[in-house]
Amino acid sequence: MELVVALGLIVFKVALLIAILLLLPLPLTWLERKIAGHVQQRMGPMRVGWHGLLQPVADGVKLLTKEDHIPAEADRFLFKLAPILALAPPFVVFVAVPFGESVSVLGTEITLYVSNMNVALLFVFAVIGIEVYGVIFGGWAANSKYAVLGSLRTCAQMISYEIPMGFAVIGVVMLAQSMSLLDIVRAQANVWNIVYQPVGFFVFFVAGLAESQRIPFDLAEAEGDLGAGFHTEYSGIRFAFFMVSEYAIMLLTSVLAVILFFGGWNGVLVPLPPLVWFVLKVAFFVYVFIWFRFTFPRYRYDQLMAIGWKVLLPLSMANIIITGVAFL
Amino acid sequence: MSRTLDRIGTWIGWAFFADLANGLALTFGYMFSKSVTMQYPDKEKWLPYSRYRGHHFLKRDEEGEIKCVACELCARICPCYCIEVIPYEDEKGNRRPAKFEIDMARCLFCGLCEDACPADAIALGQQYEFSSFSSRDLVIGRDDLLGKPGKAMTGGGVVAARLNTEQDVLVETSEPQGYNWWRNIRRT
Ligand code: SF4
Ligand code: SF4
């Protein structure tokens, strides 16, 4: 009986997680277009539903009814595999991400995470690394110049930025003495890591922007010079897969920033429920992502590499050394 | 000395991303400023100033008689040769146009016909919504021109978009003439 309940709970949590992650891009696209509009003194979508609230649904229907086109020269197997490879890892990663301690429903304690891995951080970075295969396969299989250029850029960009990103979080791991995200949040109960690790946060955030391929580092799909980059040849539902994946990664980066540097669900001053604090912080970071997108221009490719290797990497190294010295 | 200090200040600013922060602050400010766009086909539309040169209309005199005396001066002066006037003599012995056609597809809205007219019979109004799928539909005859809305006395403002401007309805805004549209663009 115990086992059945526990299993049922896990299945329920996973289903809920998948549902949330699949549905969240809908309001996020709306928000993104709305913010874009207002930043540019427009109104954004207004026609479908109240203030365009149903616009994402209309877009979704449009994407679903579009022709699913595969270029004649494409590698059909990889072409079909790529969107799935791009979509799955961001979903899998959320298994290791905690959203709070626990809530009690009907007298039973329900933990707000699917699993409490002791190497959660490692798991997150390992799995999110797979996502790049989706992008690379997608660009390569389409047999198009733009797409292959986009995916080559992504390849280099992902590798260059995963290193400083990994180094940036080492400071956090040193402070919490654990790689479990739960322990990391618990260690920040009094003082958030951002106080001790501002440089680490900076490196993490910039690398996160690059990892989720948002402006100013969206070279993989630089619509100005590459058509649409790696997903130039994709249409319909497969394109939607890439979109959902992009939003899931944006969300993941925000969640990680909150967990690693901004105290997770620990609140300050205002006593709100922990989950509310968590959601508010994540929403703030998602907003910052969108805000950045409509403020900054895209970096040139060589600048991108220079920032990654000449600025972020030394900074993250120095951060580790200084943290280590202070720790001793 | 102060230039050196300025330069040092700029360098310190760069080190702490003051320039990026400036940009962010600017876009953040714009996000809460008023939108300058109109929800044109749905809700509101722009009513041009009264000197705007839109669709032509023919005027009537006090007796309801068409003012045009079919002198063909407008047809002469028109740089695009898009007006065709054929005169006739009506019961009272006045010269009137039997046919008065303007090819709106060719018209360049210079307003010369309005200036040339000795009888003050033709003018360019504020109507600008007369696109059509066929350029043949853009040849407008005498009776249609008589039915077009005339000039509104006010202009330069936002009005409801779904008014029936096909008829003689004049759309007037409550905005005073000389309404400063640019005021909306920058929040200062
Ligand atoms: S506005 Fe100019 S182009 Fe148009 S009909 Fe009059 S004279 Fe001709
Ligand atoms: S509209 Fe004026 S210029 Fe043209 S034919 Fe009539 S009276 Fe003459």
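Please verify whether region B:96-108 includes one or more residues that are within 8 Å of ligand 2 (Cβ to nearest atom), closer than 22 Å to B:Pro48 by Cα, modelled with pLDDT of 90 or more and of a type in the set (Gly, Ala, Ser). Checking region B:96-108: not a single residue is within 8 Å of ligand 2 (Cβ to nearest atom), closer than 22 Å to B:Pro48 by Cα, modelled with pLDDT of 90 or more and of a type in the set (Gly, Ala, Ser).
Among the residues of region A:306-317, count how many are open to solvent by less than 40 Å² (accessible area, probe 1.4 Å), more than 13 Å from every other protein chain (Cβ to nearest Cβ) and in contact (Cβ under 8 Å) with a residue 24 or more places away in the chain. Summing the residues that are open to solvent by less than 40 Å² (accessible area, probe 1.4 Å), more than 13 Å from every other protein chain (Cβ to nearest Cβ) and in contact (Cβ under 8 Å) with a residue 24 or more places away in the chain in region A:306-317 gives 4.
In this structure, is A:Leu269 at positive phi and open to solvent by 10 Å² or more (accessible area, probe 1.4 Å)? Yes, satisfied. Of all residues in region A:184-197, those satisfying the criterion of being over 14 Å from A:Phe278 (Cα atoms) and either open to solvent by less than 10 Å² (accessible area, probe 1.4 Å) or in contact (Cβ under 8 Å) with a residue 24 or more places away in the chain (or both) are A:Ile184, A:Asn193, A:Ile194, A:Tyr196, A:Gln197.
Scanning region B:68-75 for any residue that is within 23 Å of the chain's Cα centre (by Cα), buried (at least 16 other Cβ atoms within 10 Å of the Cβ) and within 14 Å of ligand 1 (Cβ to nearest atom) turns up at least one such residue. Taking B:Arg60, is it touching a residue at least 12 places away in the same chain (Cβ under 8 Å), away from ligand 1 (no atom under 16 Å from the Cβ) and within 30 Å of B:Gly156 (Cβ to Cβ)? It is true that B:Arg60 is touching a residue at least 12 places away in the same chain (Cβ under 8 Å), away from ligand 1 (no atom under 16 Å from the Cβ) and within 30 Å of B:Gly156 (Cβ to Cβ). Based on this model, can you work out whether B:Glu129 counts as within 14 Å of ligand 2 (Cβ to nearest atom), open to solvent by 40 Å² or more (accessible area, probe 1.4 Å) and under 19 Å from the mean Cα position of the chain (by Cα)? Spelling it out, it is not the case that B:Glu129 is within 14 Å of ligand 2 (Cβ to nearest atom), open to solvent by 40 Å² or more (accessible area, probe 1.4 Å) and under 19 Å from the mean Cα position of the chain (by Cα). Checking B:Leu145, B:Leu108 one by one, the residue that is more than 14 Å from every other protein chain (Cβ to nearest Cβ), assigned to a helix (DSSP H, G or I), aliphatic (A, V, I, L, M) and touching a residue at least 24 places away in the same chain (Cβ under 8 Å) is B:Leu145 and no other.
The values are calculated or read from the model by the stated rules, or taken from the named source; none is laboratory data. Keep in mind it's a predicted model, so treat the numbers as computed, not measured. Cβ coordinates were reconstructed from backbone atoms using ideal geometry, including for glycine residues, and neighbour counts include every protein chain displayed. These area figures cover heavy atoms from the full protein model, side chains too; ligands, DNA and RNA do not enter into them. Shrake-Rupley method; radii C 1.70, N 1.55, O 1.52, S 1.80 Å.
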